[in-house]
Amino acid sequence: MQFANPQEARDFLAKHPEVRSIELMLIDAGGIPRGKLLHRDELLAMYENGRPLPSSILSLTIQGEDVEESGLVWEVADADCWTYPLPGSLCLQPWRAVPTGQVQVSMHPTQGLPATPGDPRHVLARTIDALKADGYHPVMAVELEFYLLDKARDANGRPQPAVQMNGMRPQAPQVYGVYELEQMQPFLDDLYAACEVQGLPVRTAISEYAPGQLELTLEHRFDALQAVDEGVRYKRLVKGVANRHGLQACFMAKPFGDQAGSGLHMHVSLADENGNNLMASDDPQGTPLLRHAIGGMMATLDDALAIFCPNVNSFRRFQANSYAPLAKSWGVNNRTVSFRVPGGPAGSRHVEHRICGADANPYLAAAAILAGIHKGIREQIDPGPAIVGNGYEQARETLPTDWLTALRNLENSSWAREALGEDFLKVFLAIKWAEYRQFMGEVGEQDWRWYLNHA
């Protein structure tokens, strides 16, 4: 694990004398940023000596409640565990009313014990290292769909899409509508400007398949860990910019039962150490390596589904003819399947993993995807024939459609224990079972409010 050089802090403080506070954030198992607001006088010491955070910070439900069964609360006396800043993560939060910085931290491999195994970024780093040891360098890009909502609810207390510049509230999908993007110009202009300030490679904006739903793409990175870091920071940024505009950016997987869900699409290929795409092929179906990678993702999909779909609401996204996949399927240039090989030139050949909801933790989702790919390559797993045409009508092996089955599959998976780490899995499952019990026992299955503010 590489941490930042203290010179980054010195340079930042010299360049930004107006900044008085810096948000320190650590991403927990639920994908939620947690941390502290530091005074500028504390920043350099944190770079030089680390900053302790309680072990329980990585044992929280999405409601922010301790999970004692994680082993990171009372039995370890809620011990201080040292975190250190990640290189390149120190930047401004341009959406703040008062100049404020931001820095992302991760647990130190040894000084962060006993909490280190619960840090999801470590899980991804280990998975990447395992692939690199066999000569495969994962190249990734993150795509996140979200809804832009009013903070005020409708007459029935339900969420509603944000009012546009023309004073109208969108009612129809208008997918790919450029007029709809124009109507969100103040928000999008500030979002692009904030991404530029933070060095995030945001590219195309799209009006998605529901009123008020958007997707902005991030450029692919040869360093997969960097790509996912940027995806995590982008999500934090979107929420911040929306809040500055008096709006709410919602990454819930299915906030509206009668509208499209929001997905986290992960694009992945494998390269050699020089950056040459090992999946490149004139054949639209790619190389045998690409097909084995798909075979591995298909073979591990049931076991990993609770990672890709971590909440009960996640499973409401799986509906036919909704652009959310329903089966273990793959195809070329086909958005009705789970694993899509996009069209394009031979050198760009890769896989788009379309299973995850936007509520998934990008670190854990990427780790499970890459571990599945590694299994497929090692065992040369055949994914079967590609789906041609409507994948919804040709589904052969459908996905589990409920949270309980997915959790049990993950809990009983020897592959997941090896791929993600037994210590991490203990923490993650303890948290998810606590959320499951709370949701079913105290909240009620139909109450969407439980997730709306946390996705």
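The values are calculated or read from the model by the stated rules, or taken from the named source; none is laboratory data. Predicted model, so just to flag it, every value in this text is computed and none were measured. Note: ideal-geometry Cβ built from the backbone for every residue, glycine included; neighbour counts use all protein chains shown. We work out accessible area using only protein heavy atoms, side chains counted, and drop any ligands, DNA or RNA first. Shrake-Rupley method; radii C 1.70, N 1.55, O 1.52, S 1.80 Å.
To put it simply, the accessible area of the chain at a 1.4 Å probe is 47 percent carbon and sulfur. Using the Cβ of P87 as centre and a radius below 12 Å, the other residues enclosed give a net charge of -3, where K and R count +1 and D and E count -1. Shape class for the stretch 334-402, computed from the alpha carbon gyration tensor (a ≥ b ≥ c): rounded, with a/c under 1.5. Under the convention that each Lys and Arg Cβ holds +1 and each Asp and Glu Cβ holds -1, the size of the dipole of the stretch 11-152 around its Cα centre is about 540 debye.
Working from Cα pairs under 8 Å separated by at least six residues, relative contact order for the chain is 16 percent. Packing-based ranking of 350-356, 268-274, 211-217 yields 350-356, 211-217, 268-274, ordered from highest to lowest mean Cβ neighbour count within 10 Å.
Which order do the peptides 252-260, 152-160 take when ranked by the mean count of other beta-carbon atoms within 10 Å per residue, highest first?
On the way: 252-260: 20.2, 152-160: 11.4.
Highest to lowest by the protection proxy: 252-260, 152-160.
Taking max minus min of the alpha-carbon positions on each principal axis, the stretch 23-152 gives extents of 45, 40, 36 Å, largest first.
Determine the relative contact order of the stretch 1-133: mean sequence separation of Cα pairs under 8 Å and six or more apart, normalised by residue count, in whole percent. All intermediate terms of the calculation are to be shown ahead of the outcome.
Working: 234 pairs, mean separation 37.7, N = 133.
Over the stretch 1-133, the number comes to 28 percent.
The stretch 326-391 and the stretch 253-302 have Cα centres separated by 3 Å. By the helix-only formula, in which each DSSP H run with n ≥ 4 contributes -39500 (n - 2.57) and the sum is divided by residues, the chain has a 222 nm mean residue ellipticity of -10000 deg cm²/dmol.
Return the percentage of antiparallel bridges among DSSP beta bridges fully within the chain, rounded to the nearest 5 %. All intermediate terms of the calculation are to be shown ahead of the outcome.
Values: 48 of 56 bridges.
The antiparallel proportion sits near 85 percent.
Lys and Arg at +1, Asp and Glu at -1: add these up for the other residues within a Cβ distance under 13 Å of D272 and post the number. Net charge in that neighbourhood comes out at -1. Measure out, as a whole number of angstrom, how far apart the alpha-carbon centroids of the stretch 78-107 and the stretch 117-179 sit. One Cα centre to the other: 21 Å. Candidates G295, I373, F308 compared by Cα position along the dipole of the stretch 271-380: farthest toward the positive end lies F308, with charges placed on Cβ. Projecting the Cα atoms of Y176, P117, V197 onto the charge dipole of the stretch 107-223, computed from C-beta unit charges around the Cα centre, puts P117 farthest toward the positive end. Judged by the gyration tensor of its Cα atoms, with axes a ≥ b ≥ c, the stretch 121-168 is prolate; a/c meets the 1.5 cut and a/b is the larger of a/b and b/c.
Average accessible surface for the stretch 91-190: 43 Å² per residue, computed with a 1.4 Å probe over protein heavy atoms with every protein chain in place.
Along its first, second and third principal axes, ordered by size, the stretch 125-283 spans 57, 34, 27 Å in Cα coordinates.
With Cα atoms as the point set, the radius of gyration and Dmax of the stretch 256-322 evaluate to 15.9, 47 Å.
Note on the stretch 249-364: Cα-Cα pairs beyond 18 Å make up 51% of the total pair count. Net charge in the neighbourhood of F146 (other residues with Cβ under 12 Å of its Cβ; Lys, Arg +1, Asp, Glu -1) is -3.
Taking the Cα centre of the chain as origin and assigning +1 to Lys and Arg Cβ atoms and -1 to Asp and Glu Cβ atoms, the resulting dipole is close to 600 debye. Here the stretch 4-53 has an Rg and Dmax of 11.8, 35 Å, counting Cα atoms alone. Rounded to two decimals, the Cα radius of gyration of the chain over 2.2 N^0.38 Å is 0.94. Translational diffusion of the stretch 1-95, estimated by Stokes-Einstein from the Kirkwood radius over alpha carbon pairs at 25 °C in a medium of 0.890 mPa s, is 169 µm² per second.
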